[in-house]
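Some notes on the structure that comes next.
The values are calculated or read from the model by the stated rules, or taken from the named source; none is laboratory data. Note that the structure is a prediction, hence the values are computed from the model and not measured. Cβ placement follows ideal geometry from the backbone for every residue including glycine, while neighbour counts extend to all protein chains displayed. Ligands, DNA and RNA are excluded from the accessible area calculation, which covers all protein heavy atoms including side chains. Shrake-Rupley method; radii C 1.70, N 1.55, O 1.52, S 1.80 Å.
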Amino acid sequence: GKVLQVVQTIKVDTFSSTSGGWIDVTGLSLAITPSATSSKVYGIFSIAMGLSDFNGLNYSWKSVRGSTDIGISNTGNGSSGGGNLYLSGGSYPHLFGNTKAVLDSPSTTSATTYKIQIISSGSAYYINRSKNDRDTAQYDPRTASSITLIEIGA
């Protein structure tokens, strides 16, 4: 197939939440209007996350088209990726470079929105920063998250 269009959003500011359910990340959604119903959309989803405490807690994230989860496990509560770490003493890691690529078939020529959703098991979580947020490359670098969508013609 041929590449018909490429769109991208990059989130460079920070986001935080203490919500216990799946939530949208502000600034990490992107619309594309496929030119044919036979087109595929190759999505590259990248998210940088930190938690307030990785002392036996975990987080997950997923890629979503509209209200449909894509590129996730189909067993139980699926996700696109995440972390499940145990660090004694309440350390505050910042995980970045967490990326998933998905080849999707939206089967529409209407504007279609793709987004990233996140969930945590009881800890505050942060996007593009750590809890400490010292904003230095040596200790707690701020990073960027993004969504890139590529329409591929049949």
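Take region 15-25 and flag every residue that is modelled with pLDDT of 90 or more and touching a Phe, Trp or Tyr at 6+ places or on another chain (Cβ under 9 Å).
Once the filter is applied, which keeps residues that are modelled with pLDDT of 90 or more and touching a Phe, Trp or Tyr at 6+ places or on another chain (Cβ under 9 Å), region 15-25 yields only 25.
Among the β-branched types (Val, Ile, Thr), modelled with pLDDT of 90 or more, open to solvent by 80 Å² or more (accessible area, probe 1.4 Å) and closer than 27 Å to residue 109 by Cα, is that true of residue 41?
no
Name the pairs whose Cβ atoms lie under 6 Å apart, with the first residue in region 1-14 and closer than 11 Å to residue 41 by Cβ, the second in a strand (DSSP E or B) and open to solvent by 90 Å² or more (accessible area, probe 1.4 Å), and 6 or more positions between them or separate chains?
The qualifying pairs do not exist here.
Out of the residues in region 14-34 meeting the condition of being open to solvent by 80 Å² or more (accessible area, probe 1.4 Å) and assigned to a loop (DSSP other than H, G, I, E, B), tell me which one is farthest from residue 152 (Cα to Cα).
18
Under 8 Å by Cβ, and 6 or more places apart or on different chains, what pairs join a residue from region 137-154 that is among the basic types (Lys, Arg) and part of a strand (DSSP E or B) with one that is buried (at least 17 other Cβ atoms within 10 Å of the Cβ) and at pLDDT below 80?
none
Quick grid of which residues meet (1) closer than 18 Å to residue 131 by Cβ; (2) modelled with pLDDT of 90 or more; (3) open to solvent by 20 Å² or more (accessible area, probe 1.4 Å); (4) not basic (Lys, Arg):
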position: 9; (1), (2), (3), (4): no, yes, yes, yes
position: 12; (1), (2), (3), (4): no, yes, yes, yes
position: 56; (1), (2), (3), (4): yes, no, yes, yes
position: 83; (1), (2), (3), (4): yes, no, no, yes
position: 92; (1), (2), (3), (4): yes, no, yes, yes
position: 96; (1), (2), (3), (4): yes, no, yes, yes
position: 100; (1), (2), (3), (4): no, no, yes, no
position: 109; (1), (2), (3), (4): no, yes, yes, yes
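Pull up region 114-154, narrow it to residues that are small (Gly, Ala, Ser) and at pLDDT below 75, then point me to the one that is nearest to residue 23 (Cα to Cα).
So the residue we want is 120.
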